Amino acid sequence: MVDKAELKMTIDILNGWRSSGVVDRGGVKRVAAFCLGLVEPGPLGTELFDAIARHSVTLAVEAVCLRRGQRGIEVLLTQRPLDDTAYPGEWHCPGSVLRPGEEFEDVFERLADREFRGLVSSWRFVGEMNNPEEARGHFVSRIYLVVPEGEPKKGEWFTVDDLPKNTVDHHRDSIIPYGGRRLRRLVATQGAKLFSSSERLAPFHKK
């Protein structure tokens, strides 16, 4: 239920801005706080998400999926929509943000449905990267090595040394190389096979 006193205060502030043409910072914060209190839990939508991301730290999950191709190690990338507000039309590792109330398993279920268009058989957390200069604000990325179940129905495979020119910069320069280094270290220290007979990453399980 809406607090009538808070609603009246918000309307008075808005009317004051309209009559004076002057917007004060304190009033903006009070109106924003009131309006956010009316937002139902769940997906925020791009416009509201981008606005909040500029004033908070966002935790993102980045899924690095690697395999051996004919020309070397390949990574699975998906392309952002051309009308996206951040990195329009650019290629990137599948990923999503952790929403309030979610477990990381929920994020991977969403990635399987929307990014891979197929099941994810396993994932392994390998590290974090702090990116205070992401296009939408301050992001902290949790990087996972991921194994899809079969061939993903969305995305394309690219050789890690020959990525598209329009690859998201911090994915090209940081996230993908980091995932590759961590995989090689796991192979060296744990004696794990780099690839299974079906040329998929192995033998990581849900962690």
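The values are calculated or read from the model by the stated rules, or taken from the named source; none is laboratory data. None of the values given here were measured: they were computed from a predicted structure. Virtual Cβ from ideal backbone geometry, glycine too; neighbours counted across all protein chains shown. Ligands, DNA and RNA are excluded from the accessible area calculation, which covers all protein heavy atoms including side chains. Shrake-Rupley method; radii C 1.70, N 1.55, O 1.52, S 1.80 Å.
For Asp83, neighbours were defined as the other residues whose beta-carbon sits under 14 Å from its Cβ, and their charges (Lys and Arg +1, Asp and Glu -1) total -3. Rounded, prolate or oblate: which one fits the range 61-134, using the alpha carbon gyration tensor with axes a ≥ b ≥ c (rounded when a/c is under 1.5, else prolate when a/b beats b/c, else oblate)? In terms of gyration-tensor shape, rounded.
When a 1.4 Å probe is rolled over the protein heavy atoms, the share of accessible surface on the range 100-189 that falls to carbon and sulfur comes to 45 percent. So, counting K/R as plus one and D/E as minus one, what does the shell of residues with Cβ under 10 Å around Ser141 add up to? Net local charge, Ser141 excluded: -2. Expressed as a whole percent, the accessible area of the range 1-52 that falls on carbon and sulfur atoms is 62 (1.4 Å probe). Based on C-alpha pairs under 8 angstrom that are at least 6 apart in sequence, the chain has a relative contact order of 23 percent.
Using a simple spin-label model with pseudo-atoms 7 Å out from Cα toward Cβ, Ala51 and Asp161 lie 4.8 nm apart.
The calculated FRET efficiency for Lys154 paired with Met129, based on their beta-carbon distance and R0 = 25 Å, is about 0.55.
In the chain, helical runs assigned H by DSSP with n ≥ 4 each contribute -39500 (n - 2.57); averaged across all residues and rounded to the nearest 500, the mean residue ellipticity at 222 nm is -9000 deg cm²/dmol.
So what's the net charge close to Leu111: Lys and Arg +1, Asp and Glu -1, counting the other residues with Cβ under 11 Å from its Cβ? Net charge in that neighbourhood comes out at -2. Per residue, the chain exposes 60 Å² of accessible surface when a 1.4 Å probe is rolled over the protein heavy atoms with every protein chain present.
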